[in-house]
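Q: Once you've had a glance at the structure underneath, I'll fire off some questions.
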Amino acid sequence: MEKNAEHTHVHRDDEGDKLGMWLFIFTELLLFGMLFLVYAVYRYRNPVAFQLGGEELDVFLGTLNTVLLLVSSATVAMSISAIQKGLKKHALVFLGITLLIAVVFLVNKYFEWGAKIEYGFYPGGEALLELGHGTILFFGLYYVMTGIHALHILIGIGLFIYVFQQIRADKIHSTDYIWLENTGLYWHLVDLIWIFLFPLFYLIH
Amino acid sequence: MSQEKPHISSYRSHVFVLAALIVLTGISVAVTTLELGRLDTLVAMLIAGAKAGIVLVWFMHLKFDNKLYTIFTVLVIVVFLLVLYVTFFDYSYR
Amino acid sequence: MSESTKSNHESFLEYKGKYRGILGWILSTDHKRIGLLYLYTMLVFFSVAAILGLLMKIQLIAPGHTIMGPATYNAMFTMHGIIMIFIIVVPGLPAVFGNFFLPLMIGAKDVAFPKLNLASWWIYVIGILIVLTSQFMGDGPPDTGWTFYAPYSFQTPANIVPALVGAFVLGFSSILTGINFVVTIHRLRAPGMKWLKMPLFPWTLYATAWIQILATPVIGITLLLTVMERTLGVGIFDPALGGDPILYQHLFWIYSHPAVYIMILPGMGVISEILPVFSRKRIYGYKAIVLSSLAIAFVGYFVWGHHMFTSGMSGRALFAFSFLTFLVAIPSAIKVFNWVATMYKGSLIFQTPFFWAVSFVFVFMIGGFSGLTLGSLATNVHLHDTHFVVAHFHFIVFGGTGFSFLAALHYWFPKMFGRMFDASWANMGWLIFFAGFLALYLPMFYLGIMGMPRRYYDYLPEFHGANILSSLGAILMIGGALIIIVNLVRSSRYGEKTNDKNPWGGKTLEWQADTPPTLENWEDIPEVTEKPYEYK
Amino acid sequence: MISGASTFVEGVNDAFLFIMGVSFFFLIGITVTIIIFLVRYNSKKNPKPTQVKDSVGLEITWTIIPLILVMGMFYYGYVGWIPMKRPPDEGLVVTANARMWSFSFRYENGRVSDKLYVPKDTAVIINLNALDVLHSFYIPAFRIKEDMVPGLANNRTWFEATKTGTYNIFCAEYCGLQHSYMISEVVVMEPEEFWEWYEDPDAMVEEIPDDADPVVLGRQIVERQGCVACHSLDGTTVVGPTFKGRFGETITVITDGEEREVVYDEEYVRRSIYDPDYDITVGFRAGQMLSYEGEISEQEIEFIVEFLKSLNE
């Protein structure tokens, strides 16, 4: 804390910090929840268009990204275990892998989006506007939902970089690792959302 | 500040959980090649729900943490599902 | 450490921290200073929005063009709504009195995350600034009404996007405050303060904070989708691209109905604090009030559809929403009965906060009863989107939240500023304000029943009589508000100094702290043994 | 409540009176109780408070009684509302089109009117269409209101008028600048009179001179289609450019992003009605007006042109 006359007793409450993180996760769940609600309503109203839209997406890339995210979730969980045991090196390695996977995920996303945008399949794009209403809605939702998800990945990358440096500087260690733990919770949330996005957009035909 | 001793999960358990998740993903992908019709959505959502449950319970530590988090999480999911349900009072009967 | 112990003898108004002057306030992580920052910000914007409201009422004093054209009028009611809802009443009681008194009432030194708390205020200010830019940029101020209904909000040339983004940012501030309060209440209650020994204002803040956490993201994503629709051409709600404008309304009200409880629940908490103190009696039905607060927060989440009874929803949905709406009326009724029972056989002390509290009960009842008429399907069809609705929600939001805000301000004024307000001016202000309030809004019920739609710049001659009364009432009420504000602002600087820890004889913890409280509130955190409000 | 003139009035009024009755009973009862307490227990008269124990029985009582009462309110509201949702199979079908900021009503025989003419004691089913943004079809005297939602199929309402006379139709959903002027009327006629009006191919709205002056006809079309909501006849600027003194002038417009000069002639008028965004008069915005193709015929445009010419004098 700053050397400020205010709040000189350094108040540390890991359990409180974690509770705060969970509450934030609930906020995020409701935020994405509403997107799922919009999706559900439009899918219900345009079943055929959504089915055809889904077939346009690359199942292989989607599956690859799903597995990547699952692995990264496991590695971030392992890095927490490592820090709890005081294994700084392990923690850094696991965190590094997680960070790398997050970047790879975004690169995949870039190619996936890029290919579609090239065809004019983007919101307001001419190729898309020629198609039916249901398809416009499907791709609108596809870009919005995966886009907001990708934004969360970006934020996650930022958090990982910060936490990585904190561990290296021994600011995060076996008795004070709430930052890592909360970052992990956040990353699992990102994974959780993707677990639902994946079948909704890529799989259900 | 007195802190309870935290539960430390082993690497091995994480690997097991990960394996289960990947297997479920595989099943989910495989199932779509079958022609299940309307059941398709239901099966996909059930598998996704199971995966989400695994992530929540093991990766997010609900199993070992304060029960409060579990209660809140369930409550939030119930609120969301109820909102979804009530919304469809409109769309199903329009 | 020694420096801090020293500073803990000075009041929070006076201590010198790392920063001096204004910086010592806008960079302070002290919950009390942040509470006052919110108070001052709101005072400024409340004045702006109240003047907009007054100008609108003056425009409506006679049919036709009186003082402004329709474009100005539409921009004014939009801005009045955005400021009043997103900047004043939604943050209102939690941000000002929650920040200031929650830690004091539960015996904590601060909220759980002081820095986040300061960040909330900054986000709030940034949100306000973004909203304000909509007035001065692009193709004119927003003219959609604060509801931003699709598809008009995509079609109007006006400058909607900053207003949407600003409201989104304000929502963030609200969520962070909510998270802060829930964690504070879970983790920082004084030793011995079991859940059922917690005073009622923190209880209502707790229920409110949960709504803030679970409902605000809904409006966040809705506004964001609207922004994307307007700027990127994504098809979500636009019927021209296959979207459903009614879905926008669903999402909007999934937040905005619970938001009404964000506004009113803390108000109910304040009244539950004031009535026992000025009756010298234990609150009647403590557990019933706690339970009904939680019930309101929960059931209130599923009644949003009653804002959409004539929107084109399915009949089945109307039936369900009407039924749930009537259920949510019950917890409010229980509260009113308990408040009245609290006064029974009490020793009632007639002072300004008590006047505000009692008049709150009265106007809140009118607001609630008119809500029943709107919850019923047959009558709603006639009254929906008329002035009846305008009257109803002003009785709830202004009569409810506004009256309780002023009640809280007078009640806690000595604790906050270490000075006493001038009671005779305060009472006169209350009387004029109360009379003006009734004269302003009661005729609107009549207008609505006669069929005058809301958001009307001009009206047919048959509606003239009641509009004159209403407009005169507005002038009277603004006069009352002016007296109240001038009196309080003056008293906060020049009022009679007091160090009396407990001027009203309250039993809750904040009255055991110094007046005004010191930086960290307590030398030693108090131990709680009794229930709150234990008058003998 | 205001006078009513449809079969729904009774159900709505009953619900209203029941809710109001219960509300007033409790409002007055509680207020009087509070006043009695204020007098009896004020600290001067009653310096020592008496503590009262909470009573679970009492809490349950004042939970159950209001619960029963509100269920009664719900029931009355439901009963009064259910006929509104169940239009009969047979009846006069009218399509109501709403656009910023006017209503127009199209009958099954092709008749178009800016006022809604209906027969007494006959079910009238209104198909609700909105062409641009949300509007709401509100007739206070009939106790009906239903939003008109662009893109929403099968959106309709119905009523059966019980008294002849003229009643207001308001747009109750905010729809932009001239929302408060989006007012029309419903004229309830004796059935014979109505069918005469309905089947008479020559009769236009209200008294039509037999010699049918094209200027008069043009003015009627302009008013019926609601053009004057945006285009003034007296030279003031509302939303679009005024009609006064424009015909035959050379004006500057923007076409495809390029400024150019055109003559305000019959061709220009036709294009502006059928394809409003083709030429945009400098100083105004595109996208404010929808095409009237199918709503205004070529013949009618000729009348409108005559009318516009007359505004130059």
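Q: Put +1 on the Cβ of each Lys and Arg and -1 on the Cβ of each Asp and Glu in the protein assembly as shown; which of C:Val277, D:Tyr181, A:Ser72 then has its Cα farthest toward the positive end of the dipole?
A: Sorting the options by dipole projection puts first C:Val277.
Q: Considering the Cα positions of region C:277-386, please state its Rg to one decimal place and its Dmax as a whole number of Å.
A: 17.0, 53
Q: Between A:Tyr44 and C:Tyr40, with labels modelled 7 Å along Cα→Cβ, what's the label distance in nm to one decimal, could you check?
A: Result for the modelled spin labels: 5.0 nm.
Q: Loop only per DSSP, at most 12 neighbouring Cβ atoms within 10 Å: give me the trypsin sites (Lys or Arg not before Pro) in region A:33-85, ordered by residue number.
A: Sites meeting the loop and neighbour criteria: none at all.
Q: Projected area of region D:9-85, taken from the Cα convex hull and averaged over every viewing direction, in nm²?
A: 6.7 nm²
Q: Further question on the same structure: Helix C:352-375: angle to the longest alpha-carbon principal axis of chain C, degrees 0 to 90, nearest 10?
A: Taking Cα atoms only, the helix is inclined about 30 degrees.
Q: On to the next question. If you take every residue apart from A:Ala82 with its C-beta less than 10 Å away from the C-beta of A:Ala82, what net charge results, scoring Lys and Arg +1 and Asp and Glu -1?
A: +3
Q: What's the Kirkwood radius of region C:316-365 in Å, using all Cα pairs?
A: 13.0 Å
Q: Here is a further query. Can you tell me the 0 to 90 degree angle between the C-alpha axis of helix D:214-224 and the longest principal axis of chain D, rounded to 10?
A: 30 degrees
Q: Now a separate question. Net charge within 12 Å of C:Gly305 by Cβ-Cβ distance, Lys/Arg positive one each and Asp/Glu negative one each, not counting C:Gly305 itself?
A: 0
Q: Right, next: 222 nm [θ] for chain C, helices only, -39500 (n - 2.57) per DSSP H run of 4+, per residue, to 500?
A: Calculated mean residue ellipticity at 222 nm is -21500 deg cm²/dmol.
Q: Apply the Karplus curve 6.51 cos²θ - 1.76 cosθ + 1.60, θ = phi - 60°, to the phi angles in region A:38-47 and return the couplings in whole Hz, x for Gly and Pro.
A: Those phi angles translate into 4, 4, 4, 4, 6, 5, 4, 7, 10, x Hz.
Q: By DSSP, what percent of the beta bridges with both residues in the protein assembly as shown are antiparallel, rounded to the nearest 5?
A: The antiparallel fraction comes to roughly 75 percent.
Q: For helix C:423-450, what angle does its Cα long axis make with the longest principal axis of chain C, in degrees from 0 to 90 and rounded to 10?
A: Compared with the principal axis, the helix lies near 20 degrees.
Q: Mind pulling the per residue volume of the convex hull built on the Cα atoms of the protein assembly as shown? Å³ is fine.
A: Hull volume normalised by residue count: 180 Å³.
Q: With charges set only on the Cβ (+1 for Lys and Arg, -1 for Asp and Glu), what does the dipole of region A:50-140 come to about its Cα centre, in debye to the nearest 20?
A: 900 debye
Q: With 10 angstrom as the radius, rank D:Trp81, C:Trp195 by how many other C-beta atoms surround their C-beta, starting from the fewest.
A: In increasing order of surrounding Cβ atoms, one gets C:Trp195, D:Trp81.
Q: Would you grab the residues whose amide H sits under 5 Å from the one on D:Glu185? Only those 5+ places off in sequence or on another chain, please, with H modelled 1.01 Å from N.
A: Under 5 Å from the amide H of D:Glu185: D:Leu116, D:Ile169.
Q: Mind checking region C:1-93 for GluC sites (Glu not before Pro) that DSSP puts in a loop (not H, G, I, E or B) and that have at most 16 other Cβ atoms within 10 Å?
A: Those satisfying the criteria are C:Glu10, C:Glu14.
Q: I need D:Asp200, D:Asp265 ordered by Cβ neighbour count within 10 Å, fewest first.
A: In increasing order of surrounding Cβ atoms, one gets D:Asp200, D:Asp265.
Q: Then there's this: I need two numbers for region D:92-199: Rg to one decimal and Dmax as a whole number, Cα atoms only, in Å.
A: 13.0, 40
Q: Which residues' amide hydrogens lie under 5 Å from the amide hydrogen of D:Ile144, considering only partners 5 or more residues apart or on another chain, with H built in the peptide plane?
A: D:Ile139
Q: Can you sort A:Asp13, C:Asp30 so the residue with the fewest Cβ neighbours within 10 Å comes first?
A: Going from sparsest to densest Cβ surroundings: A:Asp13, C:Asp30.
Q: Largest first and in whole Å, give the semi-axes of chain C's equivalent ellipsoid, each being the square root of 5 times a Cα gyration tensor eigenvalue.
A: 37, 26, 24
Q: With θ taken as phi - 60° and the coefficients 6.51, -1.76 and 1.60, list the Karplus ³J(HN,Hα) couplings across region D:235-241 in order, rounded to whole Hz; mark glycine and proline as x.
A: So the J values, rounded to whole Hz, are x, 7, 9, 9, 10, x, x.
Q: Separate question: Once the convex hull of the alpha carbons of region D:214-310 is built, what does its volume come to per residue, in cubic angstrom?
A: 87 Å³
Q: Can you give me the distance in nm between label points at D:Thr281 and C:Gln512, each placed 7 Å from the Cα along the Cα-to-Cβ direction?
A: 7.5 nm
Q: Then there's this: Size of region A:24-203 along its principal axes in angstrom, Cα-based, largest extent first?
A: 58, 30, 23
Readers should treat all values here as calculations from the given coordinates under stated rules, not as data from a laboratory. Remember, predicted model here, so these are calculated numbers, not experimental data. Quick reminder, even Gly has a Cβ in these numbers, built from the backbone with ideal geometry, and neighbours come from all protein chains shown.
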